[in-house]
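Participant: Quick one: structure below, then a few questions.
The values are calculated or read from the model by the stated rules, or taken from the named source; none is laboratory data. Being a predicted model, the structure only gives us computed values, none of them experimental. Cβ: placed from backbone, ideal geometry, glycine included. Neighbour counts: every protein chain shown.
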Amino acid sequence: MGVLDGRVAIVTGAGRGIGREIARYMASEGARVVVNDLGANPDGTGTGRIADDVVAEIRATGGEAVANYDTVATLAGGRAIFETAMDAFGECNVLVNNAGILRDRTLVNMTEAEWDAVMNVHLKGHFCCTQPFAQYIRATSRYDCSIVNFSSTSGLFGNFGQTNYGAAKAGIAGFTRVLALELMKYQCGVNTIAPAAATRLTIDLMRASGRDVNPDDPLQGPQQLGPVITWLVSEAARGITNQIFFVSGTLLGIMQQPKVVSQFVTDHLWTLDELDRAIPRLVAAKKKHDTQVDRHAIARTL
Ligand SMILES: NC(=O)c1ccc[n+]([C@@H]2O[C@H](COP(=O)([O-])OP(=O)(O)OC[C@H]3O[C@@H](n4cnc5c(N)ncnc54)[C@H](O)[C@@H]3O)[C@@H](O)[C@H]2O)c1
């Protein structure tokens, strides 16, 4: 018995890295899995059939999986990915929007093509893969579905040289907040992940920042995402929605969502003199709040 027995899951970008670990773990817990991957280079160029290798690995251990090689970056691709699940398994309960690329460049040097490529795979890719699934949830009135979206600290905290990627990843967190509301009626959990793991997208950056990275160490590589995402789409996670989870190596955390942390009110148009007093006090209140959050967020063992 597995926690995902009877479930059908689509995992995008599952030919390698984090997606592969999620697909394999879900299959080991009984899910029938669509392993989607375009087989792209880190910058999104090129294609290949690497999804076949993951399908073979899953089948070799007794699991069920089918491959799909479509791009997440077009609605036609998103629909074809969804239809792969329907054709192979006749239903679908789980969508993991994981596919990703990078085209890092400072804003002043960024080309329109670099901006568009990242937006298309990440932010538009979430729309393209999610819309067919959400339409299906509504048409069939399913109450057993889950969606996991992939953001990044790059968008949530900010990271130099990634305005395209950071904007797309922050957009994905916003997309998740709205989608969670829209699918609440169907009790569909919609959550965001901000991962950090040694994969081909990050190893060079980690090494450049002086870290001693070993991608084969399961506590540094993408393996931790397998059990966490599997739990989040299992029955145990029922009722958990609209959250952002941080999964970095051995750390598992939850992030705060945007909230007003301090405010003043007036019965007239603000004067510049009043703003001289109000805005520094708001900024100070926010700094105090951040310090309290940081203190509270010291990692503890269970
Ligand atoms: N690794 C990290 O530390 C980290 C940090 C923050 C966010 N993320 C996010 O996690 C996700 C997975 O990243 P990863 O590190 O495993 O990367 P990865 O490069 O190892 O895997 C990504 C996969 O997505 C596939 N892909 C790319 N474009 C596609 C498209 N248009 N259609 C279908 N598949 C496509 C690639 O072929 C690749 O196999 C991405 O969304 C990434 O932005 C990763």
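Participant: If I filter segment 5-26 down to residues being in contact with a Lys or Arg (Cβ under 9 Å, 6 or more places away or on another chain) and under 20 Å from D144 (Cβ atoms), which single residue comes out as farthest from the ligand (Cβ to nearest atom)?
Facilitator: My answer is G6.
Participant: Scan segment 137-166 for residues that are more than 12 Å from the ligand (Cβ to nearest atom) and buried (at least 18 other Cβ atoms within 10 Å of the Cβ) and report the count.
Facilitator: First, pick out the residues of segment 137-166 that are more than 12 Å from the ligand (Cβ to nearest atom): 137-147, 158, 160-161, 163.
Pick out the ones that are also buried (at least 18 other Cβ atoms within 10 Å of the Cβ) and you get 137, 145-147, 163.
Total satisfying the criteria: 5.
Participant: Strands (runs of 3 or more DSSP E) wholly in segment 1-115 with at least 2 residues that are more than 17 Å from the chain's Cα centre (by Cα), closer than 22 Å to S234 by Cβ and assigned by TED's automatic domain parsing to the domain that holds C129 - which ones? Show your work before the answer.
Facilitator: On the way: elements: 8-11, 32-36, 64-68, 94-97.
Strands (runs of 3 or more DSSP E) meeting the threshold: 32-36, 64-68.
Participant: Among the aliphatic types (A, V, I, L, M), free of Cβ contacts under 8 Å to residues at least 60 places away in the same chain, more than 20 Å from Y136 (Cβ to Cβ) and within 8 Å of the ligand (Cβ to nearest atom) - does that describe any residue in segment 43-62? Lay out the reasoning, then the answer.
Facilitator: Filtering segment 43-62 for residues among the aliphatic types (A, V, I, L, M) gives 50-51, 54-56, 58, 60.
The next check asks that each one be free of Cβ contacts under 8 Å to residues at least 60 places away in the same chain; those that pass are 50-51, 54-56, 58, 60.
Checking which are more than 20 Å from Y136 (Cβ to Cβ) leaves us with 50-51, 54-56, 58, 60.
From what is left, the residues that are within 8 Å of the ligand (Cβ to nearest atom) are 50.
Yes; the residues of segment 43-62 include at least one that is among the aliphatic types (A, V, I, L, M), free of Cβ contacts under 8 Å to residues at least 60 places away in the same chain, more than 20 Å from Y136 (Cβ to Cβ) and within 8 Å of the ligand (Cβ to nearest atom).
Participant: Can you tell me which residue is farthest from M119 (Cα to Cα) among those in segment 177-197 that are within 13 Å of the ligand (Cβ to nearest atom) and buried (at least 22 other Cβ atoms within 10 Å of the Cβ)? Spell out how you get there, then give the answer.
Facilitator: We begin by selecting, within segment 177-197, every residue within 13 Å of the ligand (Cβ to nearest atom); these are 192-197.
Still in the list and also buried (at least 22 other Cβ atoms within 10 Å of the Cβ): 192-195, 197.
Values: T192: 17, I193: 18, A194: 17, P195: 19, A197: 22 Å.
Here the residue is A197.
Participant: Here is a further query. Looking at A99, A65, which is the one that is aliphatic (A, V, I, L, M), in contact with a Leu (Cβ under 9 Å, 6 or more places away or on another chain) and buried (at least 24 other Cβ atoms within 10 Å of the Cβ)? Give the derivation first.
Facilitator: Numbers: A65 fails: in contact with a Leu (Cβ under 9 Å, 6 or more places away or on another chain).
Selected residue: A99, the only one of A99, A65 that is aliphatic (A, V, I, L, M), in contact with a Leu (Cβ under 9 Å, 6 or more places away or on another chain) and buried (at least 24 other Cβ atoms within 10 Å of the Cβ).
Participant: Only one of these is part of a loop (DSSP other than H, G, I, E, B) and buried (at least 17 other Cβ atoms within 10 Å of the Cβ): T241, T266. Name it. Steps first, answer last, please.
Facilitator: Details: T266 fails: buried (at least 17 other Cβ atoms within 10 Å of the Cβ).
On inspection, the qualifying residue turns out to be T241.
Participant: Looking for something within 16 Å of the ligand (Cβ to nearest atom), in contact with a helix residue (DSSP H, G or I) (Cβ under 9 Å, 6 or more places away or on another chain), under 21 Å from N97 (Cβ atoms) and part of a helix (DSSP H, G or I) - is there at least one such residue anywhere in segment 202-223?
Facilitator: Scanning segment 202-223, I find at least one residue that is within 16 Å of the ligand (Cβ to nearest atom), in contact with a helix residue (DSSP H, G or I) (Cβ under 9 Å, 6 or more places away or on another chain), under 21 Å from N97 (Cβ atoms) and part of a helix (DSSP H, G or I), so the answer is yes.
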